[in-house]
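Enquirer: I have a structure I would like to understand better, so I am pasting it below and will then ask my questions one at a time.
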Amino acid sequence: MSYHKLLEKQLRKFLPEELKDHPELETFLNAVNESYQSLDRERELSARAFSIAEEEYTAVNNKLKAEIAVKKLSIEKLNEAIGAITGNEQVTDKNDLLHIARYLSNQMLQRKNAERTFTSLITNLQSGILLESPDRHIIFTNQHFLDLFGIPATPAQLEGTDCSNSAEQVKSMFLDPDGFVTTILELVKKRELHTGDLLDLKDGRVFTRDYIPVYTDGVFQGQMWSYTDVTEKKKVQDAIEESEHRSRLIMNAALDAIVMMDETGKVAFWNPQAENIFGFTSSEAIGQTLSELIIPKQFRFAHERGLQAYRESGKKSVIGRQLQLQALRKDGSEFPAELYIISVKQDEKEYFCSFIRDVSERQKVKGELTRLSLVASANSNGVLFTTTTGKITWANEGFCNITGFSQEEALGKTPIELCRGPLSDVEVLRKVVNSFFAGEAFSTEVIYYRKDGSWFWGRSSSQPVRNEKGEIIEYFGIIEDITAQKESEKHFKDALEKIGDNVWEHDFETGHTWFSNSNNALLGYSTSELTENQRLWWSNIYPADLKLVADNDRNYKSGKMDSHTLEYRMRHRDGSIKWVLDRGVVTLRDKEGIPLRITGTHTDITHIKQTEAELENRLKQFKSLSENIPGVIYEYEFRKDGTEGIR
């Protein structure tokens with residue numbers, strides 16, 4: 001094999017003959033030979049390049065001269081551009097490119113500082129931020145975004161990542177996964193600002209989402225997504241809205257007109273009762289000047305002046321006070337109104353909330369009651385007026401005389417509070433209270449107590465006073481001292497008992513029966529043994545006579561009779577049969593005439609019945625004897641007219 005001539009020379013001089021044909025050495029010699037040949041080729045190229053360089057030097061030199069001229073012109077233009085951008089002449093030597101470079105470097109440093117500040121701001125926002133390039137690769141995201149979506153990575157690791165399919169990856173977190181993806185695709189397609197989307201997550205959280213497209217000189221540069229966890233804020237907002245909703249329902253259901261006015265005097269709220277009282281609908285009233293709607297002309301100036309004085313001084317002359325004044329309806333009619341005003345703060349604004357009640361009917365009734373009170377004042381019985389809760393609002397002199405309480409002591413108290421005592425029948429008082437709060441008229445007799453502790457029997461009657469709408473506005477009652485009557489009844493009962501009769505009284509409303517004798521000879525029981533006297537009596541009526549007594553009871557309850565006289569049998573405790581003469585009469589009725597109480601006597605007529613039975617038996621014996629004796633038997637009669645003869 002032939003080698004480079006220089007290599008051949010070296011081999012002949014230094015390589016032993018026995019190694020020239022060695023196969024392993026041949027590879028090495030070939031590599032050395034290639035190096036020598038490469039060196040020759042490089043020398044040739046260098047020589048050629050030097051020759052060309054000499055030829056081109058002149059052209060390059062000329063070109064550089066031209067470029068220097070262009071450079072000077074460029075520096076001038078660059079300086080002018082910088083001045084136009086900054087508004088200041090920043091470069092004094094227009095040929096000093098280094099000075100301009102330093103200036104640009106400083107501007108770039110300031111921009112980088114601004115970028116770092118912006119990045120720090122975004123990083124520390126309490127919203128999750130995702131900034132995407134136009135092809136939907138991540139330019140920037142903050143840690144809060146990763147935390148919101150539970151992404152196990154750092155913001156730096158996600159930079160440059162393709163996020164075009166990220167919505168599909170996290171959609172399972174949302175209650176409406178398909179809607180979440182669809183909306184994102186629509187926003188990316190439209191590239192228009194969109195804020196305030198509420199997103200409900202399956203774990204109960206709530207996010208808001210904002211989409212912000214980024215444009216520079218009308219060219220789309222990318223888009224920014226902002227996600228904020230508003231769960232707690234939403235709960236508070238929902239609670240506030242629920243509270244406002246409940247308040248509005250309460251205000252709308254209120255029996256009073258509720259009108260809210262802002263600081264300028266404009267109507268801000270108008271409930272349904274305000275519509276009923278004033279005649280204006282809510283849509284007609286809201287936004288209008290309140291004084292022009294419901295305040296009569298003669299009072300408007302004073303209203304406006306008071307409102308102006310409050311705006312200037314803050315002095316609340318009518319806030320928290322109950323007022324009575326004239327108000328104006330839509331049809332121009334005026335009416336007396338009761339007004340109460342409170343101040344309400346909302347969203348740093350002050351409103352005045354007025355509770356207004358039409359008291360026309362009350363004043364009308366009050367006038368009528370005033371006339372009645374003149375009559376009642378002269379009545380010896382106790383006459384009362386109470387509120388719908390039973391509190392006394394007026395009492396005549398008769399009530400004060402009967403009870404010993406002054407009007408001042410009685411006002412604001414209930415009659416039961418004043419006059420209840422140890423002997424007062426609790427059941428009767430409970431019935432009175434139940435009838436009162438049921439809006440029913442009632443009449444009852446019960447023991448009352450005077451201020452000095454003495455007691456008297458009183459008959460109480462009460463009935464509700466209603467307005468034109470049928471609504472109860474107060475109660476009217478009369479208390480009559482019937483102690484003397486009760487004493488007379490007691491003497492009568494005592495007399496009957498001494499004769500041998502048992503006096504009884506039955507209350508149809510309570511079902512309670514009272515016996516005067518502590519020992520009931522007809523039954524053989526002491527009344528102290530059993531408290532249910534009615535049940536004791538009915539359970540011992542002879543079975544064959546039970547229908548007779550039951551029919552009598554039904555006739556009383558239906559109002560078909562007002563007195564009775566019955567004879568029937570009773571079973572004594574010892575098993576013997578007793579005959580009773582039962583007489584009774586109605587002593588108290590309701591307004592429909594139905595008996596409420598009956599009083600009567602039980603007389604033991606067993607001996608009479610036994611005598612009658614014996615006489616009847618003797619008569620039968622006599623007839624049987626007369627029919628079997630031979631001869632004539634006749635009856636001689638002495639008549640009432642004085643004549644006599646054979647009958």
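The values are calculated or read from the model by the stated rules, or taken from the named source; none is laboratory data. Because the structure is a prediction, the values reported are computed rather than measured. Virtual Cβ from ideal backbone geometry, glycine too; neighbours counted across all protein chains shown. We work out accessible area using only protein heavy atoms, side chains counted, and drop any ligands, DNA or RNA first. Shrake-Rupley method; radii C 1.70, N 1.55, O 1.52, S 1.80 Å.
Enquirer: Say R0 is 41 Å: what FRET efficiency, to the nearest 0.05, do SER461 and LEU323 get from their beta-carbon distance?
Expert: E(calc), rounded to 0.05, equals 0.65.
Enquirer: Anything over 29 Å Cα to Cα? Flag those among LYS431/LYS451; LYS297/LYS391; LYS234/LYS349; LYS233/LYS349; LYS345/LYS469; LYS547/LYS623, in the order listed.
Expert: Beyond 29 Å: LYS297/LYS391; LYS345/LYS469; LYS547/LYS623.
Enquirer: HN-Hα J couplings of the range 213-225 from phi, Karplus 6.51/-1.76/1.60, θ = phi - 60°, integer Hz, Gly and Pro as x?
Expert: The phi angles translate into x, 10, 10, 10, 6, x, 9, 5, 10, x, 8, 10, 10 Hz.
Enquirer: Please list, in chain and number order, the residues 5+ apart from LEU596 or on another chain whose amide H is under 5 Å from its amide H, with Hs placed from the backbone.
Expert: It is LEU588, ARG589, ASP590, by chain and number.
Enquirer: Further question on the same structure: Sequence gap at least 6, Cα distance under 8 Å: using those rules, report the relative contact order of the range 336-478 to the nearest whole percent.
Expert: Here the relative contact order equals 18 percent.
Enquirer: Amide H neighbours of TRP455 under 5 Å, at least 5 residues apart or on other chains, H built in the peptide plane: list them.
Expert: ARG450
Enquirer: While we're looking at this one, here's another question. For the residue pair GLU304 and SER360, what label-to-label distance in nm results when each label sits 7 Å from Cα along the Cα-to-beta-carbon direction?
Expert: Distance between label points: 2.7 nm.
Enquirer: If packing is taken as the mean number of other Cβ atoms within 10 Å per residue, what is the order of 257-264, 10-17, highest first?
Expert: The densest-packed peptide leads the list: 257-264, 10-17.
Enquirer: Can you figure out the FRET efficiency of VAL32 with GLU54, using R₀ = 25 Å and their beta-carbon distance, to the nearest 0.05?
Expert: 0.15
Enquirer: Please give the length that would be gained between GLU44 and GLN621 if that part of the chain were fully extended, namely 0.36 nm times their separation in residues minus their C-alpha to C-alpha distance (nm, one decimal).
Expert: 189.3 nm
Enquirer: Set the Förster distance to 35 Å, then compute FRET efficiency between LYS190 and GLU348 from the Cβ-Cβ distance, nearest 0.05.
Expert: In this case the efficiency is close to 0.40.
Enquirer: What full-extension length gain, to one decimal in nm, is calculated for GLU408 and GLU159 as 0.36 nm per residue of separation minus the Cα-Cα distance?
Expert: In short, 81.0 nm is gained.
Enquirer: Starting with the highest mean, order 592-599, 318-325 by the number of other Cβ atoms within 10 Å, averaged over the residues of each peptide.
Expert: Result, highest mean first: 592-599, 318-325.
Enquirer: Full extension from LEU566 to LEU7: what is 0.36 nm times the residue separation minus their Cα-Cα distance, to one decimal in nm?
Expert: Length gained, LEU566 through LEU7: 184.7 nm.
Enquirer: Given a 1.4 angstrom probe, what's the average accessible area per residue across the range 125-206, in square angstrom?
Expert: Heavy-atom accessible area per residue stands at 57 Å².
Enquirer: Along the positive direction of the dipole of the range 384-515 (beta-carbon charges: Lys, Arg +1; Asp, Glu -1; about the Cα centre), which of PHE437, GLN463, THR403 reaches farthest?
Expert: Most positive-ward Cα: PHE437.
Enquirer: Name all residues of the range 179-218 having a backbone nitrogen under 12 Å from the label point set 7 Å from the Cα of LYS171 along its Cα→Cβ direction, giving them as ranges.
Expert: 179-186
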